[in-house]
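The structure appears right after this line, and notes come after that.
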Amino acid sequence: MRAGLPAIRLAIESKLEWALAAIVFAAILDGIDGRVARMLKGTSKFGAELDSLADFVNFGVAPALMLYFWQLRELNNVGWIAAMIFAISGGLRLARFNATMDDPNRPAFAANYFTGVPAPAGAICVLLPMYLVLIGAPQLPVTVTAVFTLTMAFLMVSRLPVFSGKRVGKRVPPELVLPVFVVVVLFVALLISYPWEVLSAGAVLYLACLPLGWLSYRDYQRRDA
């Protein structure tokens, strides 16, 4: 929440780049906080619930309000409804994740997939219209931004199987540790040097790869039948 709440204030003050940086920072922290907690053996039910609340603010409420104050408010009530639906969808997505996390009826292979686009990825992708403006592209019509926002909200609450990266760090062979480390360092360097270009390309690539997750899941289902 310490990233999401400042992002909202920065968006109200039209400090677009800093607001986006806060959301990206929150997404990075979300990707490593669980692993760090498990390494330190500091996991708890309270921590899990607090993490979900923080995710709702960081990846549901904050991106929705950022888009509203940036462009969606041009549509008045329609823009507010689009922003509100995205924020609510983020909360529903997180609630479903918590409710089904320990489902004993899930097949073993389902642990490699999320159900619907995860909230952090949804937040990073829904801000794509803002990245494009920062790299010099023409601003999208407000109606396109609203439709895109609603589409991302739908993808978060959908049943679409999406590749999960939760187990990536657990399955890196020893001989690939150094190449993976080099790739990570290169990615961080590019993100720092060309943040909006990297985020734009990453969001587009992520959305383009969503059908691959569905196809892979269906393949597992056929083999498991």
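The values are calculated or read from the model by the stated rules, or taken from the named source; none is laboratory data. In this text the structure is predicted, and so the values were computed from the model without any measurement. Cβ coordinates were reconstructed from backbone atoms using ideal geometry, including for glycine residues, and neighbour counts include every protein chain displayed. Heads up: the accessible areas ignore ligands, DNA and RNA and are worked out on the full protein's heavy atoms, side chains in. Shrake-Rupley method; radii C 1.70, N 1.55, O 1.52, S 1.80 Å.
Observations on the model:
- Rounded to the nearest 10 Å², the accessible area of Val183 at probe 1.4 Å: 100 Å²
- Model label sites at Val183 and Asp224, defined 7 Å from Cα along the beta-carbon direction, differ in position by 2.5 nm.
- The chain - mean residue ellipticity at 222 nm from DSSP helices (-39,500 (n - 2.57) per run, n ≥ 4, rounded to 500): -23000 deg cm²/dmol
- Of the DSSP H helices in the chain, those whose Cα atoms cover at least 18 Å axially and whose Kyte score averages -1.0 or more: 16-39, 77-100, 142-157, 177-193, 195-224
- Label separation (Ile32 vs Cys209): 2.0 nm, computed from points 7 Å beyond Cα along the C-beta direction.
- For the chain, the per residue solvent-accessible surface stands at 59 Å², with DNA, RNA and ligands left out and a 1.4 Å probe.
- An ellipsoid equivalent to region 49-104, defined through the eigenvalues of its Cα gyration tensor, has semi-axes of 27, 11, 5 Å when rounded to whole angstrom and sorted largest first.
- Other residues whose C-beta falls under 14 angstrom from the C-beta of Thr149 contribute a net charge of 0, scoring Lys and Arg +1 and Asp and Glu -1.
- By accessible area, using a 1.4 Å probe on protein heavy atoms only, the chain has 69% of its surface on carbon and sulfur.
- Computed over the chain: relative contact order in percent, which uses C-alpha pairs under 8 Å that are six or more apart: 20 percent
- In terms of the mean number of neighbouring beta-carbon atoms within 10 Å, the peptides 17-26, 136-145, 84-93, 121-130 order highest first as 121-130, 84-93, 17-26, 136-145.
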